[in-house]
Amino acid sequence: MKHTILFVLYFCYLSGFLYAQKTTVLNTKQTYFPLQNEQVWAFEDAEHQISFEQIRKISDQKFYVPNRYYTNFGITSSAFWVKFKVLNTTQEKSFLRLVNPVLDTAELYVVANNKLIMQKTVLARKPEMDVPNSPFLLPSSPDTLTCYLRASSRVPLWLQMYILPEAHASSFVFWQSALDILFFGGILIMILYNLFLGITTRNLSYFYYVSYSFFLVITTFFIKGYPVPLMGKYAFLIDDYFAVYVSLASICLALFTQNFLQLGTQYRTGKKLLDISIGLQILVIIIFLLGFVNLNVFLYQIVNVFGNILVAWSAFYLYKKKDYKPALLFLIAFLLYLVLLNAVNLTFANLLPATIFTLYFFHIGSTAELVIFSVALGDKINLYRKETLKAQAENLKLIQEQNVVLEQKVGERTYELNQTNEELNTTLHTVAKQRDDIVSSINYALRIQNAIIPKESELQKHLDCFVFFRPRDIVSGDFYFFADKGNQKIIAVADCTGHGVSGAFMTMIGNNILNQIVHDQEIYEPNQILNLMPALLEKTLSHSEGKVKDGMDISIVSLENLSPLPESSQTTKITYAGAMNSLYYVQNQELIEVKANKKPIDTNFDENFSYQKHEILLSKKTMLYLLSDGFQDQFGGTENRKFM
């Protein structure tokens, strides 16, 4: 029984020892005091609902010691409470410094003698001294301070914390700011210099390089926590869209790689794989914009590793397999950057221990990469210049050799050209004579066509009318017809298939058919005339080999009781029928269209079909219009479209 009691007491003592938290004791011998290992305890708040009062009541056994040199929780959507103790044995003030400036929230509670003596919402992106990573003053007390810090972050949650004596806090801020100014100033100078070179040389590689550098600076600007201190209310433009800029930097790097290494011609497989990488980065951006921030961070790590491997492999392949010398500097720069960047990425992913130097790996790697990239771009331009000069020298030599050969050939070709010119002149003379003969024949055909088409002056003896007749070619594919049958005047306007000579032949056939119907058969009703025309046309063209599809669109008007004077009270009867071409007339300042049948006159006639007759009675002077499609079929205007 005695031994049992001793064992229980020993176990309780041992448990208390195991869960005893180490206190960070400040002394004058050290310049800074890192909070690490057993000095920091952690508790995960997955639901973001545990308050300070509740966390104080939670027993120490429920806290755990993060198994890292610095407190790194990796990619997480949880909030974390961390607990640490500080005892200041000096007379100096002390400061708490949070290295990670991209925390969403950081609430600090300080307890002494079991009493809350300080409560402060510490936003790492808006610190007290308006400088990123600046320290925060801890309350002065001779007693041990128990500090509770609640933190959450959209990016990997990394709480690298230090206690700084007052004498060293200001120097830390100074050196940090100086190093950041040096870094950003150097990158800015390189961006402006290469932008100038890109504008002067018009080389896309420079513009991709400048874009990549710009988004790299934006990313670093965010990581260092500068947006809020320097941009104020506009900080959201970077803070809220940081993941977009990170992915855009990767996209610009892929484009720069494709252009600089000329993957489109040197290594097409590499270009296609990098295109896939660019597409995946765009998908990562879309996932972020849809609000899946943690998924975005996780996928970016995977896609970025995939893209970096492709970039490095493409440069290695071109240098090793094709001896493409610009790829060597590119490979050296990128591998240096890749090693240091992946050290940071693996630290964020909680796969490597975090150290005080880890964040600066990114700055060192990106600066070295951009400097070597600039050198590589300049070297590539010099290589192009040497290749150009070499090509020019070879071309000059080739030109000189060719000149000798050309001089010999010029003499031979000159003789041949003289012979050819004589033959061409003879041919041109023959063609000109044939052309003159053809034009003379067409002009004679015009005389025949003019003979069968009534003159405007002849029509004006019977009608108050005008004729606008402008053939496109010498002879026309349009014609008009007039017949005076006493009390009836018959007028027709026809548009035949084709233009020029072919159309003119159809006008002769059409005019001949109208003469047969009107003069020989004495049929005056427009619809009856149209009904007879297809059969006569088919008969006329029946001797042709094959089916002839030629025909005409035509409108016919018959006028009865035509009054010679406008003031006459006599009523005029107008009968109209049309095949495709309408009749238009104007009354009371209104244009009225009498529509034609949508069936042209051709050899495909239907015995059961009959053209419609329209009768119009007019008691006052009215303008009637018959027309072909000569105007509406003209092309013109800026878009070369039909007038319609």
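The values are calculated or read from the model by the stated rules, or taken from the named source; none is laboratory data. As the structure is a prediction and not an experimental result, all values here were calculated from the model. So basically every Cβ, Gly included, is an ideal-geometry build from the backbone, and we count neighbours across all protein chains shown. Side chains are part of the model used for accessible areas, which takes the heavy atoms of the whole protein and leaves out ligands, DNA and RNA. Shrake-Rupley method; radii C 1.70, N 1.55, O 1.52, S 1.80 Å.
Numbers for the structure displayed
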read-out: Pairs where the first residue, in region 167-189, is surrounded by 14 or more Cβ atoms within 10 Å (Cβ to Cβ) and the second is at pLDDT 70 or above and of a type in the set (Gly, Ala, Ser), C-beta under 7 Å, 6+ apart; value: Ile187/Ser213
read-out: Of all residues in region 142-159 being outside any strand (DSSP E or B) and at pLDDT 85 or above, the one that is nearest to the chain's Cα centre (by Cα); value: Thr144
read-out: Checking Glu538 against (1) under 23 Å from Met506 (Cβ atoms); (2) open to solvent by less than 40 Å² (accessible area, probe 1.4 Å); (3) at pLDDT 85 or above, the condition it does not meet; value: (2)
read-out: Every pair of residues 6+ apart whose Cβ atoms lie under 8 Å, when the first sits in region 207-218 and is in contact (Cβ under 8 Å) with a residue 60 or more places away in the chain and assigned to a helix (DSSP H, G or I) while the second is surrounded by fewer than 22 Cβ atoms within 10 Å (Cβ to Cβ) and of a type in the set (Val, Ile, Thr); value: Ser213/Ile187; Ser213/Ile191; Leu216/Ile187
read-out: Hey, Gln419 in a helix (DSSP H, G or I), closer than 18 Å to Ser628 by Cα and at pLDDT below 90 or not; value: no
read-out: Flag for Val410 being open to solvent by less than 70 Å² (accessible area, probe 1.4 Å), of a type in the set (A, V, I, L, M, F, W, C) and within 56 Å of the chain's Cα centre (by Cα); value: no
read-out: Boolean, Val311 is under 29 Å from Ala79 (Cβ atoms) and not polar (S, T, N, Q); value: no
read-out: Residues that are closer than 26 Å to Ser153 by Cα and modelled with pLDDT of 85 or more, drawn from region 277-288; value: Leu280, Gln281, Ile282, Leu283, Val284, Ile285, Ile286, Ile287
read-out: Total residues in region 424-471, condition out of contact with any strand residue (DSSP E or B) (no Cβ under 9 Å at 6 or more places or on another chain) and either under 17 Å from Phe505 (Cα atoms) or aliphatic (A, V, I, L, M) (or both); value: 17
read-out: Identity of the residue in region 261-287, hydroxyl-bearing (Ser, Thr, Tyr) and open to solvent by 60 Å² or more (accessible area, probe 1.4 Å), that ends up nearest to Gly307 (Cα to Cα); value: Thr269
read-out: Neighbours by Cβ (under 6 Å, 6+ apart or cross-chain): first from region 583-602, closer than 19 Å to Leu532 by Cβ; second crowded, with 18+ Cβ neighbours inside 10 Å and of a type in the set (Asp, Glu); value: Pro600/Asp553
